[in-house]
Amino acid sequence: MKTVSLKIADSIFGETENILSRIKIPRNRYINDAIEYYNRVQKRQILEKKLKSESDLVKKDSLSVLKDFERIEHVD
């Protein structure tokens, strides 16, 4: 495990301490869970952006192919 030192805004720290006193889990576990959750959210957003970008590339090619097929149909 790695040790990390970080600065947390007083309001966030206070809110976190309030929550921790109610749910009775260690601060370290709470912060690890929060970071793990946020990492999953970020990975999903990265994947969404990649898929959108790739979809846009395919969309252009698909429209070009569709136009070619339409021209072929009108020739017959």
Taking only pairs six or more apart or across chains, which ones have beta-carbon atoms under 8 Å, a first residue in the stretch 1-22 that is closer than 15 Å to ASP33 by Cβ, and a second residue that is not in a helix (DSSP H, G or I)? THR16/ILE8; LEU20/PRO26
Does ILE46 meet the test of being among the aliphatic types (A, V, I, L, M), surrounded by 10 or more Cβ atoms within 10 Å (Cβ to Cβ), modelled with pLDDT of 95 or more and not in a helix (DSSP H, G or I)? no
Selected residue (only one of ILE19, ILE25 is surrounded by 10 or more Cβ atoms within 10 Å (Cβ to Cβ), more than 23 Å from the chain's Cα centre (by Cα) and outside any helix (DSSP H, G or I)): ILE25
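The values are calculated or read from the model by the stated rules, or taken from the named source; none is laboratory data. Note that the structure is predicted; figures quoted are calculated from it, not measured. Neighbour counts are summed over all protein chains in view; Cβ atoms, including those assigned to glycine, are modelled from backbone coordinates with ideal geometry.
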